[in-house]
Amino acid sequence: MAAPLRRAHDAGWVHRDVKPANVFLAEDGRVVLLDWGGAARRGRAAATGERPGTPGFVPPELPAGAVDPAQDRYALAASLLRVATGLRPPEGGSEEVLRTVLAAAGLPGDWSELLKAALPPDPARRTPDTAALARSIAALGADAAPPPPTSTLVEVPAPAPAPTRRRWRALAVGRAGLAGVSAAGGLRGGS
């Protein structure tokens, strides 16, 4: 997830809605970051009343201030925390509260250190840039990964095909006929 963000930040763009639901894993293994509709140019002042992002993944400094890649780094770390533990960073919490949440999460030490560095409420105290965050994530390696989530995927059967125009017409005629039979039965006192 950090790689597409790093490229966007290098080009001067901030995604502003990084969250697990906006991440797609392609069949070839590439990670694709979706929903760039709320992206903004780096340094642009946030408009009055503008509320980019999704609660639980939005850094404490939003919506005030200028658009900054630190916001995406916070949301990326919040996404990692959510996927690894099911938890979200404490809203408006102090660094002490963050440390307490991370300690309770039971993550391996390296993961906790990475998240402590990327989730401080003060953007000036977060991991300095997206390339550094990407290096920190890569340095963890597969051996340090948190245990896999306990949820499972459930295969849902495909929906029935939509009725064709002819089938819609047949359904309408059938319903009209049933309405007529029902009305006639009601006049005769039958059910």
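Observations on the model:
- Around R82: net Lys/Arg minus Asp/Glu count, Cβ-Cβ under 10 Å: +2
- Charge context of V58, other residues only, Cβ under 12 angstrom, K/R +1, D/E -1: -1
- Normalised alpha carbon radius of gyration of the stretch 63-122 [divisor 2.2 N^0.38 Å]: 1.08
- Label-to-label distance for A139 and A11 is 2.8 nm, based on points extended 7 Å past Cα in the beta-carbon direction.
- The residues packed around A3, meaning those with a beta-carbon under 12 Å from its beta-carbon, carry a net charge of +3 if Lys and Arg are +1 and Asp and Glu are -1.
- When peptides 115-123, 67-75, 18-26 are sorted by average Cβ neighbour count within 10 Å, with the highest value leading, the order is 67-75, 115-123, 18-26.
- Three-way shape label, the stretch 1-133, alpha-carbon gyration tensor, a/c 1.5: oblate
- Accessible area per residue, Å², the stretch 1-72 with all protein chains present, probe 1.4 Å: 53 Å²
- Additional length obtainable on full extension of the chain from A64 to F24, 0.36 nm per residue less Cα span: 11.5 nm
- Förster radius 30 Å - calculated FRET efficiency between E50 and V97, Cβ distance, rounded to 0.05: 0.65
- When +1 charges are put on Lys and Arg Cβ atoms and -1 charges on Asp and Glu Cβ atoms, the dipole computed for the stretch 1-60 relative to its Cα centre reaches about 280 debye.
- The stretch 1-79 shape via C-alpha gyration tensor axes, a/c threshold 1.5: prolate
The values are calculated or read from the model by the stated rules, or taken from the named source; none is laboratory data. In this text the structure is predicted, and so the values were computed from the model without any measurement. Quick reminder, even Gly has a Cβ in these numbers, built from the backbone with ideal geometry, and neighbours come from all protein chains shown. Side chains are part of the model used for accessible areas, which takes the heavy atoms of the whole protein and leaves out ligands, DNA and RNA. Shrake-Rupley method; radii C 1.70, N 1.55, O 1.52, S 1.80 Å.
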